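A short worksheet on the structure shown next.
The values are calculated or read from the model by the stated rules, or taken from the named source; none is laboratory data. All values derive from a computational prediction rather than experimental measurement. Please note: Cβ atoms are built from the backbone with ideal geometry, for glycine as well, and neighbour counts cover all protein chains shown.
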Amino acid sequence: MALNQTEYPAVQETLVTQTLANGLRVLLVPRPAYHQSYALFAVDYGGIDVRYQPAGATEMVEDPEGIAHFLEHKLFEKEDHDAFDLFGQTGASANAFTGATSTAYLFSTSTQLTENLTTLLDFVQAPYFSDQTVAKERGIIGQEIQMYQDDPGWLLYYGILGNLYPNHPVARDVTGTIASIAQITPERLYQAYRTFYQPINMTLTLVGNFDPERVLAHIADNQAAKTFAPATPIVRGVGFDGDLSTILPYRAADLPVIRPKSAIGIKGQIDAQGDLEGTKYKLAIEVLLEMIFGDSSPLYQKWYDDGLVDDSFAADYIAGRTFNYATITGDADDPSAFSDAVASVIARGADQPALTEARFQRILQAALGKYYMSLNSLEQTANQLSSQSFNALNAFEVVETLKSLTLDDVKRVAASFFDVDAVSVFHVRPEAQA
Amino acid sequence: MRIQLASGVFLNVLSTNQFKTTRVAIHFIAPARAQDFAARTLLTSVLETSSAKYPTQSDLSAALETMFGASFGIGVAKTGAVHRVTATLNLVADKLAQVPLLAQGFDLLHEVLLEPKLVGNQFDPEVFDREQKNLAAYLGSMDEDRQLQASLATQRLYFQGNDAQATPSFGTLRQLTAVTQARLMAVYQDMLSHDQIEIVVLGDVTEEQVVPLAKQLGFAPRPELAFALIYRQPDVPVRQETASAHVNQAKLNLAYTTPSDLYGRQFYANVVANELFGGSPLSLLFTNVREKASLAYYASSMFEPFRQFSMVQTGIDAVNRDQVQQLIADQLAKVAAGAFSADLLAHIKEGLLNARQAAYDSPQFLARQELLHALVPTHQPGYAAYAAAITAVTKQEVMAAAAAMKLQAVYFLDEQEAN
């Protein structure tokens, strides 16, 4: 079989892509100088996917929050064994994670790659949920939920998301709540599984030291030997939320913290897709935030010198299926002064002294370097490829889009994204000592 | 390859084209003195934020951006009985950037480490005041991370009586607020002129290329240090401490004296015993405390050979405290009694070997191996030596290692009643 192989000289990488007969996408990046291989089996299904039309049904259902994460935990456990142990027996290291829009199962190994690939494909594609195992899992996940409740950074983050998205599940943590996970049953898990864990909705990504031809044949054989239900289109009930009218402009929480914390959120109003135009839009916002709020910005330096912010100050942009937003967060002695200062910058729209050509070129150069550096890690390479896999551009092509950005692109997104009506503020204050 | 540039100043070069980056680390190494920790930490902040050439953070950040987004930081750490100040610079490889970034990188390191911004003969007072205040705020808010709070408190309890070990590598808030300008300058001068210096360079580079760059840093010769790396804990009765805070999840930590040699048979037996006890997802702690009994969100153990120290950390419901502590003791007893299958031991070893192979894909790990090799003559950085030593560990050696672990401290962070 001839490999569908593309070279990317700018990043010195080779990418092999193949969509199998059952619809599963396979992405392979050989790295002969490395010692191990990293495999990631991802589903386009995450924490926000709590409203959908089950496969074969015509009505929408509403699942309890936290179901995608619960499913991820439960998939490892089978009737008579735990998939973790199968990886462990070869010395491979396995894990899984659930995000807002995807779930991924992964392992890394330096030996017995094909055996571990079989384990990965087989355990994810053979669900087993029972009343007993579901009940036990509530204890473990309940502990996880409680641990996050003790993390003020986490509470700040979900506080500002709750302000921006009162009616969208992205504001709810992927683990759910003690109350919501109590409603999860084996039936609900099977229903979600059948709907989303279809090969057409999944990607297998491998990066590392292997022979792509041999590995691809192994994966194709594994899939050909299994029977899958006919593919059904996935109908999701959670749509894009760019609605400014629902934003809660301000909330605060009193918590057992020592330092006050401040967060400013900006809700994205444009549903940027994974195509060239959408990718350009998202990259331009990232560059914009770096130019205005980054380490080398005159604004940051002034605020730091004035004691308004410290080095916990951070600006991030997150874009996913049905949402995108920026957060500007940090510890601050005076959280109101912090958020007022940030809000006044946003109010200027595209009229920002920091948006100069020289500064733009420098930030772009740095973004390029950071991207090259990220490719040192097999894990990061695979994660980037996988998360881009349902989009028109792959992760190695995104770098070309980055290079093509101009200062005008950045000014254009500043004019629309920096909208005072899209802004909200959340403060965490130390609770009064008893 | 370790090259002596001057007395007490060494360069370690690891040539590899595996990565898209070049990594440069400069380590300043001194015997651990608790009274210096806070000053050495404040020094890293002052140097990082202000030098003669880059007087503000913005200036330094702009220079790093121009160098293809190079990342740079200075930190502190302890390795056994020595304290380290380490400056690390990560650069895109010259071949990929098509610019001589490595030479630019050494220039930047020289400017930041050796040419601080001075006013008269002291550090810029504005910078000093601000960084002292920021660092104090940071140290003051560390307890917001409850797992870290519990870990540091456990070590304070266990190492009570030895300040250099009981104090974290970054010092305490009280020490920090006592640091004066004069003291900071004295600590800086002492570090520059007396610390042993180990420079590690890793990437697609040659010795011929790096030696002149490293020499240009201009570190003067200094007396060679003869320091003991290993800290040995005196035998004491088990210490207990309970603290409480507004937490939803309680923390129970246990600390053990763990006799070990450095990279000899006893060391490798300890590594395997720790992995079996609580170091991996296959371990007895993980499978029996977290998974089977569903009693903890996390339950793991770690082993530090330089301090002859092991620690178990768990996050639990406070009501289960006694049950969890008993279960932990049971798991250690099982390892000591050999109550584990040959299969499990084999899988534990395979896991260690696999993880070790994987580590050779990390520039950070490889650079650390160079440092360890420079500090400990018996250390062998290669995979083959590690694999042979782990494979040779017998069941009896694992049992003996677990039996030699002695519980000396129990720390409990309890859930405080809501007001």
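Select from segment A:351-376 the residues that are among the hydrophobic types (A, V, I, L, M, F, W, C) and at the interface with chain B (Cβ under 7 Å from one of its Cβ atoms) and list them in ascending order.
Across segment A:351-376, the qualifying residues are A:Ile363, A:Ala366, A:Ala367, A:Leu368, A:Met373, A:Leu375.
Are there any pairs with C-beta distances below 6 angstrom linking a residue in segment A:90-102 that is at pLDDT 95 or above to a residue that is surrounded by fewer than 19 Cβ atoms within 10 Å (Cβ to Cβ), with the two at least 6 apart or on different chains, and if so which?
A:Ala100/A:Gly320; A:Thr101/A:Gly320
Take B:Tyr231 and tell me if it is among the hydroxyl-bearing types (Ser, Thr, Tyr), in contact with a helix residue (DSSP H, G or I) (Cβ under 7 Å, 6 or more places away or on another chain), in contact (Cβ under 8 Å) with a residue 12 or more places away in the chain and outside the structural domain of B:Gly338 (by TED's automatic domain parsing). Please lay out each step first, then the result.
Details: among the hydroxyl-bearing types (Ser, Thr, Tyr): yes; in contact with a helix residue (DSSP H, G or I) (Cβ under 7 Å, 6 or more places away or on another chain): yes; in contact (Cβ under 8 Å) with a residue 12 or more places away in the chain: yes; outside the structural domain of B:Gly338 (by TED's automatic domain parsing): yes.
Taking the combined requirement at face value, the residue satisfies it.
Which residue, of A:Leu106, A:Leu27, A:Leu20, A:Leu40, is more than 27 Å from A:Ile145 (Cβ to Cβ), of a type outside the set (Gly, Ala, Ser) and within 20 Å of the chain's Cα centre (by Cα)? Give the derivation first.
Values: A:Leu106 fails: more than 27 Å from A:Ile145 (Cβ to Cβ); A:Leu20 fails: within 20 Å of the chain's Cα centre (by Cα); A:Leu40 fails: more than 27 Å from A:Ile145 (Cβ to Cβ).
The match here is A:Leu27.
Regarding segment A:290-304, can at least one residue be identified that is closer than 30 Å to B:Arg130 by Cα, buried (at least 18 other Cβ atoms within 10 Å of the Cβ) and away from chain B (no Cβ under 14 Å)?
Scanning segment A:290-304, I find no residue that is closer than 30 Å to B:Arg130 by Cα, buried (at least 18 other Cβ atoms within 10 Å of the Cβ) and away from chain B (no Cβ under 14 Å), so the answer is no.
Out of curiosity, is B:Glu48 within 14 Å of chain A (Cβ to nearest Cβ), farther than 19 Å from A:Asp310 by Cα, outside any loop (DSSP other than H, G, I, E, B) and not aliphatic (A, V, I, L, M)?
No, not satisfied.
What is the residue count in segment A:19-29 for residues that are under 26 Å from A:Ser93 (Cα atoms) and surrounded by fewer than 20 Cβ atoms within 10 Å (Cβ to Cβ)?
Qualifying residue count for the region: 1.
Looking only at segment B:320-332, which residues are surrounded by fewer than 18 Cβ atoms within 10 Å (Cβ to Cβ) and more than 21 Å from B:Ala153 (Cβ to Cβ)?
Those that are surrounded by fewer than 18 Cβ atoms within 10 Å (Cβ to Cβ) and more than 21 Å from B:Ala153 (Cβ to Cβ): B:Gln323, B:Gln326, B:Asp330.
Kindly list the number of the only condition in (1) within 12 Å of another protein chain (Cβ to nearest Cβ); (2) farther than 26 Å from B:Ser71 by Cβ; (3) not in a loop (DSSP other than H, G, I, E, B) that fails for A:Asp421.
Just one mismatch for A:Asp421, condition (1).
With respect to the numbered conditions (1) touching a residue at least 60 places away in the same chain (Cβ under 8 Å); (2) surrounded by fewer than 20 Cβ atoms within 10 Å (Cβ to Cβ); (3) more than 14 Å from every other protein chain (Cβ to nearest Cβ), which one is the sole condition not fulfilled by A:Gly153?
(3)
Going residue by residue through segment A:54-70, is there one that turns out to be assigned by TED's automatic domain parsing to the domain that holds A:Ala224, over 18 Å from A:Thr98 (Cα atoms), surrounded by fewer than 19 Cβ atoms within 10 Å (Cβ to Cβ) and of a type in the set (Ser, Thr, Tyr)?
Filtering segment A:54-70 for residues assigned by TED's automatic domain parsing to the domain that holds A:Ala224 gives A:54-70.
Filter again for over 18 Å from A:Thr98 (Cα atoms), leaving A:54-62.
Narrowing further to those that are surrounded by fewer than 19 Cβ atoms within 10 Å (Cβ to Cβ): A:56-62.
Going one step further and asking which of them are of a type in the set (Ser, Thr, Tyr), we end up with A:58.
Within segment A:54-70, one or more residues are assigned by TED's automatic domain parsing to the domain that holds A:Ala224, over 18 Å from A:Thr98 (Cα atoms), surrounded by fewer than 19 Cβ atoms within 10 Å (Cβ to Cβ) and of a type in the set (Ser, Thr, Tyr).
List pairs: first in segment A:244-265 and free of Cβ contacts under 8 Å to residues at least 60 places away in the same chain, second surrounded by fewer than 21 Cβ atoms within 10 Å (Cβ to Cβ), Cβ under 7 Å, 6+ apart or cross-chain?
Cβ pairs passing all conditions: none.
Which condition number in (1) at pLDDT below 95; (2) not in a loop (DSSP other than H, G, I, E, B) is the one that B:Glu224 fails?
Unmet for B:Glu224, out of (1) at pLDDT below 95; (2) not in a loop (DSSP other than H, G, I, E, B): (2).
From the list B:Leu64, B:Leu91, B:Leu102, which one is within 21 Å of B:Lys20 (Cα to Cα), more than 12 Å from every other protein chain (Cβ to nearest Cβ) and either touching a Ser or Thr at 6+ places or on another chain (Cβ under 8 Å) or buried (at least 21 other Cβ atoms within 10 Å of the Cβ) (or both)?
Answer to the selection: B:Leu102.
Quick check: anything in segment B:47-54 in contact (Cβ under 8 Å) with a residue 40 or more places away in the chain and farther than 26 Å from A:Gly294 by Cβ?
no
Counting only residues that are surrounded by fewer than 15 Cβ atoms within 10 Å (Cβ to Cβ), out of contact with any Lys or Arg (no Cβ under 8 Å at 6 or more places or on another chain) and closer than 21 Å to B:Asn248 by Cβ, how many does segment A:251-275 have?
Residues that pass the stated criteria total 2.
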